[in-house]
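All remarks here apply to the structure that follows.
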Amino acid sequence: MTDRKKRIDINLLRKKRIHHEERPNETLIDLFEQAASTYSDKPFLWERDSRYRSITYNRGRELVQQLGGGFLALGLNKGDRLALLSEGCNAWILGELAMLYAGGVNVPLSVKLNQSSDLKFRLNHSEARFLLVSQSQLPKIRAIREVLPYLEKVIIIGMGTDRLLPGEMNLDQLIEWGSEWNKEHPDLLMNTALSIRGNDLANITYTSGTTADPKGVMLTHRNFTANVEHSLSVVHVPEYFRTLLILPLDHCFAHVTGFYTFIQRGGSIATVPTGKTLFEYIKNIPIALREFQPDVVMTVPALAKTFRKNVETSIRTMGPFFEKVFHAAVKINMAYYKEGYNRGWHFSWLLRPLVLLFDKLMFSSLRKGLGGKLQFFVDGGAYLDVDMQKFWYATGIPMFQGYGLSEATPVISSNSFAKHKLGTSGIPAKGVEVTIRDEAGNVLPVSYKGEIVIRGENIMAGYWKNAEATAATIKEGWLYTGDLGLVDKDGFLTVFGRSKSLLIGSDGEKYSPEGIEESLVALSPYIEQVMLYNNQSPFTVALIVPNRDAIRRSGCELTTEVGKNKAIKLIQDAINDYKKDGKHADLFPERWLPSAFALLEEDFNEQNQQMNSTMKMVRGNIERRYAELLEFLLSPEGKNPYNKHNHQSLK
């Protein structure tokens with residue numbers, strides 16, 4: 001067959017796979033090729049230097065082909081693993097697509113991995129041959145380069161050739177190599193790309209390991225394309241929508257809902273400029289929101305709390321009167337909107353004139369500060385307190401809770417404008433079967449609590465090099481999530497937390513701590529972080545990171561014994577609010593609430609390995625770090641909140 005005939009056949013095959021509307025996209029190559037054909041001149045990716053600038057879908061496809069050719073020039077074979085370690089940028093998304101076009105499997109790595117052992121494990125366990133890395137993350141790799149036997153070449157984003165070491169090249173060089181390779185082998189890249197099938201691996205994404213060592217979740221092309229369809233079945237994304245990616249791009253939630261869903265719909269995708277520190281990056285988020293003006297933003301509870309804190313801090317600077325009016329407006333709007341689906345019920349419709357007035361005078365300005373076009377947030381990754389959801393609903397920018405996990409690619413369910421009930425994780429996506437099961441694996445009736453077990457095309461292929469863990473998680477085609485939940489009579493899924501995180505009372509009763517922890521943080525300004533603990537003890541105890549700034553603003557002088565006692569009382573009163581006659585009484589059984597607490601000097605964070613890259617507490621590490629303190633809290637002295645430890649912790 002002549003070269004010309006080969007090219008014609010490949011082009012016909014490409015057109016057939018792109019335009020065959022009767023069947024879904026089988027691979028991510030199908031998905032992107034269709035988008036590039038349909039939306040060729042529309043803005044695709046946006047990046048900020050002095051201002052936001054875009055590239056079109058057509059230009060994006062050209063760059064993907066050049067980079068893909070570069071990977072083939074390096075000797076990449078179909079099924080080989082490559083890793084990607086970078087902050088959010090155009091090169092991240094284009095780089096992954098190029099890896100997939102060349103037949104590779106991406107191993108996305110979190111930039112928050114600061115322990116060399118974490119990076120070494122993932123790179124060696126996946127046997128990654130090539131690594132695409134940003135200049136700022138490069139020192140982590142150079143420090144362990146000698147103990148990465150599988151790694152052949154490091155490709156660096158944003159570094160000049162004069163600073164490269166042996167075994168390194170920069171992104172521009174890879175593009176040059178790819179351009180030459182594609183000229184010399186004009187059909188090879190697309191021939192490889194179109195040979196990919198739905199059951200071929202696209203990613204190996206490592207779990208963050210809140211309860212065990214990280215495992216490599218194998219996700220296929222069809223896992224991703226199916227989950228894009230699932231996502232769009234619960235949350236409508238119009239073609240003109242723009243999104244700002246504030247989550248790390250290695251995050252599975254950001255992958256599917258952040259860019260592949262938007263690619264399928266021809267949307268625009270922007271990233272936040274990276275700073276030298278995490279604090280600088282977070283400061284850049286509101287700037288990016290105002291400049292890019294997204295329609296929707298994907299977030300996680302930790303960032304939702306930060307957004308709310310920033311709003312309330314800004315309101316506080318306007319003076320006591322304005323602060324009181326703001327909080328009154330939030331309460332009135334919450335009373336009117338309730339759980340969303342029941343807004344205006346039971347005479348609360350009488351509040352509507354005030355809701356409209358406050359929206360015009362106050363909340364419209366808040367929305368303008370977030371870009372002015374933001375219609376809603378979608379929150380995933382962990383339990384989001386219902387009060388937090390109601391707060392954002394009251395501002396006119398709902399924060400819809402969803403549910404998923406990496407092993408499900410990740411979307412399982414979500415709330416949306418079309419159908420929502422605040423306090424739940426929404427309706428299961430079309431194409432995802434959700435059951436609730438008891439410990440014996442029997443399916444439970446509606447409104448019974450048990451383990452969430454799901455089935456669908458989004459279920460992972462298994463754990464990389466771990467058949468035993470795969471067999472324990474996937475049984476007869478069903479994924480046992482390890483999360484506790486229930487489905488109510490209206491079909492809404494409520495998630496209570498990890499079954500492995502359950503606390504156990506002295507009587508053997510098991511209960512989930514996440515809801516209590518989230519509520520304490522959301523409803524008390526004096527509690528920054530909290531972890532509950534009970535391992536068959538007479539009562540529950542808590543490790544609390546106090547919000548020292550809020551405590552000081554309340555008038556407590558932490559340099560005096562009197563001031564420290566007042567601060568401890570604020571924390572105790574916050575817990576007592578959940579007990580009989582308290583303003584939050586009956587939210588949780590009183591026997592589950594902490595009877596003793598210890599105040600901590602240090603917060604839970606990624607540097608001390610007490611938070612993972614998705615901002616969830618790593619309970620095992622916290623329990624080991626504070627083992628003696630947890631034991632102390634069970635003593636008579638520890639049960640007294642005004643003990644010596646708590647006094648010494650308040651500085």
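FYI, it's all coordinate maths here, none of it is from the lab. Remember, it's a predicted structure, so these values are computed and weren't measured experimentally. Ideal geometry is used to build each Cβ from the backbone, glycine not excepted, and the neighbour counts take in all protein chains shown.
Among the chymotrypsin sites (Phe, Trp or Tyr not before Pro) within region 448-546, those in coil by DSSP and having at most 16 neighbouring Cβ atoms inside 10 Å are 448, 539. Rounded to the nearest 0.05, what FRET efficiency do residue 469 and residue 554 give with R0 = 45 Å and r taken as the Cβ-Cβ distance? Could you check? For residue 469 and residue 554, the calculated efficiency is 0.40.
The dipole here belongs to region 268-500: it is taken about the Cα centre, uses +1 on the Cβ of Lys and Arg and -1 on the Cβ of Asp and Glu, and is about 900 debye. With a cut-off of 9 Å between beta carbons, the residues surrounding residue 450 carry a summed charge of -1, where Lys and Arg count +1 and Asp and Glu -1. May I ask you to work out the translational diffusion coefficient for region 91-179 at 37 °C, viscosity 0.692 mPa s, via Stokes-Einstein with Rh from the Kirkwood sum over Cα pairs, reported in whole µm²/s? It comes out at roughly 243 µm²/s. With K and R counted +1 and D and E -1, the other residues having a Cβ less than 12 Å from that of residue 105 yield a net charge of -1. Only one residue of 25, 460, 326 has its Cα farthest out toward the positive end of the dipole of the chain, where Lys and Arg carry +1 and Asp and Glu -1 on Cβ, and that residue is 326. List the GluC sites (Glu not before Pro) within region 395-481 that DSSP assigns to loop and that have no more than 15 neighbouring Cβ atoms inside 10 Å. Those satisfying the criteria are 439, 476.
Rounded to the nearest 20 debye, the dipole size of region 38-93 about its Cα centre is 100 debye, using +1 on the Cβ of Lys and Arg and -1 on the Cβ of Asp and Glu.
Sorting 345, 46 from the fewest to the most surrounding beta carbons within 10 angstrom yields 345, 46. Scalar couplings 3J(HN,Hα) for region 604-612, obtained by applying the Karplus form with A = 6.51, B = -1.76, C = 1.60 to θ = phi - 60°, are 7, 8, 6, 5, 8, 6, 9, 10, 9 Hz; x denotes Gly and Pro.
P(r) tail, the chain: Cα-Cα pairs separated by more than 51 Å, 12% of all pairs. A viscosity of 1.567 mPa s and a temperature of 4 °C, combined with the Kirkwood radius over C-alpha pairs in the Stokes-Einstein formula, give region 513-649 a diffusion coefficient of 85 µm²/s. This ranking places 444, 76, 357, 303 by how few other beta-carbon atoms lie within 10 Å of each, fewest first, which gives 357, 444, 303, 76. Overall, the chain carries a charge dipole of about 1280 debye about its Cα centre when +1 sits on the Cβ of Lys and Arg and -1 on the Cβ of Asp and Glu, all other atoms neutral. For residue 482, neighbours were defined as the other residues whose beta-carbon sits under 10 Å from its Cβ, and their charges (Lys and Arg +1, Asp and Glu -1) total -1. On full extension, the segment bounded by residue 573 and residue 586 gains 3.1 nm, given 0.36 nm per residue less the C-alpha separation. Would region 268-500 count as rounded, prolate or oblate if I go by the C-alpha gyration tensor, calling it rounded below 1.5 in a/c and otherwise prolate when a/b exceeds b/c, oblate otherwise? Taking the square roots of the gyration eigenvalues as a ≥ b ≥ c, region 268-500 is oblate. Amide H contacts of residue 528 (H built 1.01 Å from N, in plane; Pro and chain starts excluded): 545, 547 sit under 5 Å, all sequence-distant by 5 or more or on other chains. Of the residues 221, 125, 177, the one whose Cα sits farthest toward the positive end of the charge dipole of region 88-228, with +1 on the Cβ of Lys and Arg and -1 on the Cβ of Asp and Glu, is 125. Working note: Debye formula, equal point scatterers on the alpha-carbon atoms of region 186-283, no solvent; log10 I(q)/I(0) at q = 0.19, 0.21 Å⁻¹ is -1.09, -1.16. For the pairs 338/500; 419/489; 331/564; 305/390; 569/651; 583/639, note any where the Cα-Cα span goes beyond 21 Å. Among 338/500; 419/489; 331/564; 305/390; 569/651; 583/639, the Cα-Cα distance tops 21 Å for 338/500; 331/564; 583/639. In straight-distance terms, cross-link reach from residue 78 covers every one of the lysines whose alpha-carbon lies under 19 Å from its own, apart from those fewer than eight places away in the same chain; here that gives 153, 465.
Excluding same-chain neighbours fewer than eight residues apart, the aspartates and glutamates reachable from residue 112 by a Cα-Cα span under 17 Å are 87, 213, 250, 280, 603, 606.
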